[in-house]
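No value in this document is a laboratory result; all are computed from the given coordinates. Computed from a predicted model, the values in this text were never measured in an experiment. All Cβ positions, even for glycine, are placed from backbone atoms using ideal geometry, and neighbour counts span all protein chains on display.
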Amino acid sequence: METSDHIERFQEFFETYKEKLHEIALNDLGSVNVDFSDITKFDPELSEELLNQPDDVLKAAELAIGNIELPNSDIRVRIINLPKTKVVKIRDIRSPHLSKLINVEGIVRQTSDVRPQVVSAVFECPSCGNNITILQLDSKFKEPSRCSCGRRGKFRLLSKVLVDAQRIVLEEAPENLDGGEQPKRLAIFLKEDLVDPKMEKRSTPGSKISVVGIVKEIAIPLSTGGQSTRYDLVMECNSVVPVEETFEDIKISKKDEKQIKDLAKSPKIYEKFIASIAPSIYGHDAVKGAVVLQLMGGVKKIRPDGTRTRGDIHILLVGDPGAGKSQILQFISKTAPKARFLSGKGASAAGMTASVVKDEFLRGWALEAGALVLANQGIACLDELDKISVEDTSALHEALEQQTVTISKANIQATLRTETTVIAAANPKFGRFDPYTPIAGQINMPPALINRFDLIFTIRDLPEKDKDSKIAQHVLDIQRDPKQLNSEISSEMIKKYVAYVKQRINPKLTKEAIEEIKSFYVGLRNMPTVGDEGGVKPIPISARQLEALVRLAEGSAKVRLSEKVERRDAKRAIAILKDCLMQVGFDYETGQIDIDRIGTGITASERGKILGVREIISELEGKVGKVIPIGDIINEAAEKGIKEDKVNESIEKLKRSGEIFEPRSGFLSRI
């Protein structure tokens, strides 16, 4: 086919797109998306030529649009939905693909700034006044070598046409890789309307995109000034389609909306959701119920002074090995869009938050976002959190509570947003969870970080005949026939339901709900203490848990698609939080809930005993002198009702903190 034939055929083809083109021209959108299958149906030969000679055929298509009477005929043609045979992995691009139209998929790793680029320049010949137009197709700016009048060199530049351009680096998605392969990268150039602010948001680092474009080769200059025999590959982008959207971007049709509303009317909506979360795991309904509320999330609030309260609910699962923690995390990472899964030793502080890397193109430093930043507006699943070193987990403190990551490295001072929901799993130090030891002493994590989580669940594996029989039956049935695992709500429906909730539902607290939460909070904090009145009073719950209650109650209202947080939502939130506090905050010695078991690792009763022993040492110092026999301390403590083993524990803690030392065996002195 000749170019004139191409233009004619496209003119016929665009007659079917006339309404769409008029709308695009009126709204000044700049480009029209053309489905490749439409061209194939219209003219198979034309579609074949489009794949093999994309530059010429696309130019002809744009000229054909120019021939149609439109208010603005400068419209680019963007091809979408190439056939499956033209979807090529980045690692499989070879020389036969050069100058052909192909489709690649991957995750955006880096983006440059949007900068103008010259596409054509007009020069004037000083001798004869002739105007010469030179198209700027290469990376080097070209000037005319000679004029038709015979003059060579020194032409005056009259004007140049500039378009916006941006370079992004696309990396293969990890799920498409085999064993030990390293993901390959490809540089892609975007131009014109592909870099307008709306489109640019789709290609931010961390987004998963599908790119249709033309592979070109570019010469590599040698340091000696010549040109290398090897070439580099780049892709000139024709169209960009986001593959993985956030919950806010998911399109919900009228049919989906009807299904969602019908589902929400069901009186057993919570039970249905709980049964549909990680159906391969039997039981753990309390954890699954909390995960449902976590997917829904609370409501983010921004105050007039600019400070914000997060709406994301963070959950930590601590427990025995083999109880299905990782399975729950894997399920969430597959169900939620924009989810990131990280595990133990494979994660560092830079990989989780952000790192500063040398940029070869801008010749400076550039920020490369880490997993929590990439999962902004999504969910981060951190498995084996206890295996991440303490220095690296310190990077999570700011990301979890303030929801930002501040970087001050090289010459970059930046604050990145991490409005990310975190669900983490950790194993206790000694293999199994011990309810009698404070949680901070069992996990290799700083207490301040443990305190950042709204809910902490202990998943314990205790033998129980009926339960064990059901678990065994469930696991064996799945092993026999994996396809029989049908959940009440499909993961696709869960995705749409959560998307609908995040887009439309922002519940507000009612007076009844506020009353319920307030009475629980005040009542629990001021419970009468048992035993010693003069001792240190345990704090059962702090203001951080109060905020968690509000978020959980809002999530509960969202499940019902309700705009009001009612008393029943507050009760559900209180029941979940109480369940968590009983598991990890219950002090078996005093028989009360003590938040210090989670927040500091030292319970109030322990702190009281340490203070008691410290007072005894001060008193004895006045009676006995500087060097005090341990036996005297134990006798004095026995009178005050402190047992010998507790005295020894308190002495050890005081020694560790550097308040006392042992000048000789069996005697103590204050420092």
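Observations, loosely collected:
- In terms of distances greater than 24 angstrom between alpha carbons, the cross-link table entries Lys89/Lys338; Lys18/Lys41; Lys508/Lys571; Lys470/Lys571 yield Lys470/Lys571.
- Leu476-Arg567 FRET efficiency (beta carbon distance; Förster radius 45 Å; 0.05 resolution): 0.60
- Cα-based shape type of region 270-414, given that a ≥ b ≥ c are square roots of the gyration tensor eigenvalues and the cut on a/c is 1.5: prolate
- Sparsely packed trypsin sites (Lys or Arg not before Pro) within region 30-112, loop by DSSP, other Cβ within 10 Å at most 10: Arg94
- The chain - share of DSSP beta bridges that are antiparallel (%, nearest 5): 70 percent
- Residue-wise HN-Hα coupling along region 261-274, computed from phi with Karplus coefficients 6.51, -1.76, 1.60 (Hz; x: Gly, Pro): 5, 5, 5, 5, 6, 4, x, 9, 4, 5, 4, 5, 5, 4
- Qualifying trypsin sites (Lys or Arg not before Pro) in region 385-469, DSSP loop, other Cβ atoms within 10 Å at most 16: Lys429, Arg432, Arg460
- Close amide-amide hydrogen proximity is noted between Asn238 and Val212, Gly213, Ile214, each under 5 Å apart and 5 or more residues distant or on a separate chain (H modeled in the peptide plane; Pro and chain starts excluded).
- Residues whose amide H lies under 5 Å from that of Ala424, counting only those 5 or more places away or on a different chain, are Ile315, Leu316, Leu317, Leu382; hydrogens are built 1.01 Å from N in the peptide plane.
- Within the chain: Cβ-based charge dipole about Cα centre, in debye rounded to nearest 20 (Lys, Arg +1; Asp, Glu -1): 760 debye
- Of the residues Gln545, Phe667, Ile102, the one whose Cα sits farthest towards the positive end of the charge dipole of the chain is Phe667 (charges of +1 on Lys and Arg Cβ, -1 on Asp and Glu Cβ, taken about the Cα centre).
- Helix-derived mean residue ellipticity, 222 nm - over the chain, DSSP H n ≥ 4, -39500 (n - 2.57), to 500: -11000 deg cm²/dmol
- Calculated FRET efficiency for the pair Lys142/Arg670, C-beta based, R₀ 60 Å, to 0.05: 0.10
- Database note for the chain: Cys without another Cys beta carbon under 4.7 angstrom, Cys237, Cys381, Cys580.
- Leading residue at positive end of dipole, the chain (Cβ point charges), from Ser348, Ser148, Leu82: Ser348
- Estimated dipole of region 10-108 in Debye, rounded to 20 [Cβ of Lys and Arg +1, of Asp and Glu -1, Cα centre]: 660 debye
- Among the trypsin sites (Lys or Arg not before Pro) within region 142-194, those in coil by DSSP and having at most 10 neighbouring Cβ atoms inside 10 Å are Lys154.
- Multiplying the residue separation of Thr133 and Glu19 by 0.36 nm and removing their Cα-Cα distance gives an extension gain of 37.6 nm.
- Note on Asp468 and Tyr231: the model spin-label points, each 7 Å out from Cα along the C-beta direction, lie 6.8 nm apart.
- Working note: Karplus 6.51/-1.76/1.60 with θ = phi - 60° gives region 613-622 the couplings 5, 4, 5, 4, 4, 4, 5, 5, 4, x Hz, where Gly and Pro are set to x.
- Modelled label positions at Lys345 and Lys301, each set 7 Å beyond Cα in the direction of Cβ, lie 4.5 nm from each other.
- Potential lengthening between Val243 and Gln117 on full extension [0.36 nm per residue; Cα-Cα distance subtracted]: 42.5 nm
- Its relative contact order, with pairs defined as Cα atoms under 8 Å and 6+ residues apart, puts region 604-670 at 37 percent.
- Of Asp193, Asp56, Asp454, the sequence from fewest to most neighbouring Cβ atoms within 10 angstrom is Asp56, Asp193, Asp454.
- Take every Cα pair under 8 Å whose residues are at least 6 apart in sequence, average their separation, divide by the length of the chain, and the relative contact order is 10 percent.
- Alpha-carbon centroid distance for the pair region 13-82 / region 121-163, whole angstrom: 31 Å
- Dipole magnitude for region 256-375: computed about the Cα centre from +1 point charges on Lys and Arg Cβ and -1 point charges on Asp and Glu Cβ, it is near 240 debye.
- Given charges at Cβ of Lys, Arg, Asp, Glu: the chain dipole, positive-most of Thr415, Leu162, Ser253: Thr415
- Near Gln110, the amide H atoms lying under 5 Å from its own belong to Val169; only residues 5 or more places off or on other chains count, and H is placed 1.01 Å from N.
- Exposure proxy shown here: for Glu124, Glu391, Glu384, the number of other Cβ atoms within 10 Å sets the order, fewest to most, as Glu391, Glu124, Glu384.
- Tensor-based shape of region 3-81 (alpha-carbon gyration tensor, a/c under 1.5 rounded, otherwise prolate or oblate): prolate
- Prolate/oblate/rounded label for the chain (Cα gyration tensor, a/c 1.5): prolate
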